[in-house]
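Step one of this worksheet: look at the structure below.
Only the coordinates and a few stated rules stand behind these numbers; no lab work does. Not measured: the values here are computed from a predicted model. Using ideal geometry, Cβ is built from the backbone for each residue, glycine included, and neighbour counts are taken over all protein chains shown.
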Amino acid sequence: MESQSTGTSHAKVILIGDHSVVYGQPAIAVPLPDLAMTAKLMARQAGQMVITPNYQGPMDEMGEVYEGIRQLITRLLRHFDATNMPFLLAITSTIPQERGMGSSAASAIAIIRAFFNYFDAPLSQTELQQWANIEEAVTHGSPSGLDAATCASDVPVWFIKKETTQTLEMTLEGYLIIADTGVRGQTGLAVSVVREQFDANPTQTNGHISALGKIAENIRDGLKQGDTTAIGQSMTEAHQHLQELGVSHPSLDRLVTAANQAGALGAKLTGGGVGGAMLALANTKEHADNVIHALEQAGAQEVWVQHYTRR
């Protein structure tokens, strides 16, 4: 047993598969290692204390928003036969919350790694995902496992609902820019919109869903080959299909247009849509800076950048 230990993880974002994944098409999530989460577990004389960016105090007084974390920690203590062990768990993060970047899954991954390191215990990838599901099930109800898998991975994850979750080869060199519209995303509403589209125009709607599945395959190939131009074109094409499905928003379209006009290789919404965030791809820092400036001028509330280097 160590006197202190550290566990780390990072954010993720959905690159392709928004909404189409619900209907059996593949999705690709990519890691955002520059947006990091760290959990440090330290021994203390008495009490079980937790420090997060928004809460500092005893574990048993954590609010409802932290119930998933509290239950995860409780189960971990029980697993290591250390239910009454005094500790200080300090969590630091640069991951924005409620932006579809997997902050809750990243928290779980970092905490699990910190506990297993503290007790000097081996931890397989399968076990890590099983433990993370404890927190995710409380926080999200029926988690797909995609967030946890990507927040624990250094490479993209290919996901097909109830079928497969596997890592992908990536040789990408470029900059992925994430911009927040400032309009709160409405995933539940967006899912309902697509379902209504299926009821009203099943053939046309299924065509968009199938096209998004094909685009996911194209992006998978682009990631493997490091073809930023093909990935960017696929992103813009995907956004057009998502617009037709009714899940975009004027604020998203404005940012996508601004990014493309500023020289982005491509741009699209990410996540549920009807507000929320969008993505743009640039192949050099100069191009990325131009895109970021254009997004800020077009009303982006916050902008984050992930630089990928060829492995």
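In region 39-78, one over the average inverse separation of all distinct C-alpha pairs is 10.8 Å, which is the Kirkwood hydrodynamic radius. Amide H to amide H, with H built 1.01 Å from N, Thr167 comes under 5 Å of Trp158, counting only residues 5 or more places away or on other chains. So, R0 is 30 Å and r is the distance between the beta-carbons of Ala121 and Gln166; what FRET efficiency does that work out to, to 0.05? Once rounded, the FRET efficiency stands at 0.70. Shown in residue order for region 237-245 are the 3J(HN,Hα) couplings computed by the Karplus curve 6.51 cos²θ - 1.76 cosθ + 1.60 at θ = phi - 60°: 4, 4, 4, 5, 5, 5, 4, 5, 6 Hz (x for Gly and Pro).
Here the Karplus relation 6.51 cos²θ - 1.76 cosθ + 1.60, evaluated at θ = phi - 60°, turns the backbone of region 269-274 into coupling constants of 6, 9, x, x, x, 6 Hz, with x for every Gly and Pro.
Translational diffusion of region 14-68, estimated by Stokes-Einstein from the Kirkwood radius over alpha carbon pairs at 20 °C in a medium of 1.002 mPa s, is 143 µm² per second. Pairs of Cα atoms in region 85-229 fall into 10 Å distance bins, from 0 up to the last occupied one, in shares of 9, 28, 36, 21, 5, 1 percent.
The amide H of Gly266, built 1.01 Å from its N in the peptide plane, has Leu281 as neighbours under 5 Å, considering only residues 5 or more places off or on other chains. Derived from the Cα gyration tensor, the three semi-axes of the equivalent ellipsoid of region 115-174 are 22, 18, 10 Å, largest first.
Determine one quarter of the surface area of the Cα convex hull of the chain, which equals its mean projected area, and express it in nm² to one decimal. Each step should come with its number before you reach the end.
Values: hull surface 62.7 nm².
Reported value for the Cα convex hull: 15.7 nm².
Checking the a/c ratio against 1.5 first, then a/b against b/c, what shape does the Cα gyration tensor give for region 4-167?
Verdict is prolate for region 4-167.
Scaled against the 2.2 N^0.38 Å expected of a compact globular protein of N residues, the Cα radius of gyration of region 170-311 reads 1.04. The phi-based Karplus calculation (6.51 cos²θ - 1.76 cosθ + 1.60; θ = phi - 60°) puts the 3J(HN,Hα) values of region 40-57 at 10, 9, 10, 6, 8, 6, 7, x, 10, 10, 10, 10, 10, x, 10, 8, 9, x Hz, whole numbers, x for Gly and Pro. Under 5 Å from the amide H of Lys12 lie the amide H atoms of Leu32, Gly102, each residue being 5 or more positions distant or on a separate chain, with H modelled from the backbone and absent for Pro and chain starts. The slack in the chain from Gln261 to Gln56, taken as 0.36 nm per residue of separation less the alpha-carbon distance, amounts to 69.3 nm. Measuring against 19 Å, Cα to Cα, the residue pairs Lys214/Lys268; Lys224/Lys285; Lys161/Lys224 contain Lys224/Lys285; Lys161/Lys224 as the ones spanning a longer distance.
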